[in-house]
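Quick notes on the structure that follows.
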Amino acid sequence: MAKGFGGGMPGNMQQMMKQAQKMQQDLARVQEEAENDTAEGSAGGGMVKAVASGKNQIISLTIDKEIIDPEDAEGLEAAVQAACNDALTNVQKKLKEKMAQATGGLNIPGLT
């Protein structure tokens, strides 16, 4: 019988399995925490602000009355879209940073 395949896993393999299990637990914790994270985005010089959750949902939108111009609906629409996209981008950055900490900087496909 080959060495190391007898009565149990070699010590090095056991250590690797423990590390993998810990990383899996850390990732699950980070993903759960990330769902409660929020990030803000803004546009129009801060006149439109959006807040996104870690679930990639816009949870609040604030529009300063000064930016509302009935003659320029397209401008307001563009500002709202830009603020929402900024908030979603920011919350994804937060998630990637937390995932990188949990994985020790390993780039694991499909996690972020």
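Listed values, structure above:
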quantity: Spin-label model distance (nm) - Gln25 vs Glu77, 7 Å beyond Cα toward Cβ; calculated: 5.2 nm
quantity: Estimated FRET transfer efficiency (Gln14, Thr103; beta-carbon r; R0 25 Å; 0.05); calculated: 0.75
quantity: ³J(HN,Hα) computed for each position of the stretch 75-85 - Karplus, 6.51 cos²θ - 1.76 cosθ + 1.60, integer Hz, glycine/proline x; calculated: x, 5, 4, 5, 5, 5, 4, 5, 5, 5, 5
quantity: Cβ crowding within 10 Å averaged over residues, with 56-65, 82-91 ranked highest first; calculated: 82-91, 56-65
quantity: Three semi-axes of the equivalent ellipsoid, the stretch 12-102, Cα gyration tensor, whole Å, largest first; calculated: 40, 9, 8
quantity: Added length on full extension, which subtracts the Cα-Cα distance from 0.36 nm per residue, Lys55 to Lys94; calculated: 12.8 nm
quantity: Total lysine pairs under 29 Å (Cα atoms) in the stretch 12-102, excluding pairs fewer than 8 apart on one chain; calculated: 19
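The numbers here are math on the coordinates, done by the rules we state, and not lab data. Small disclaimer: the values here were computed from a predicted structure and weren't measured. Backbone-built Cβ (ideal geometry, glycine too); neighbour counts: all protein chains shown.
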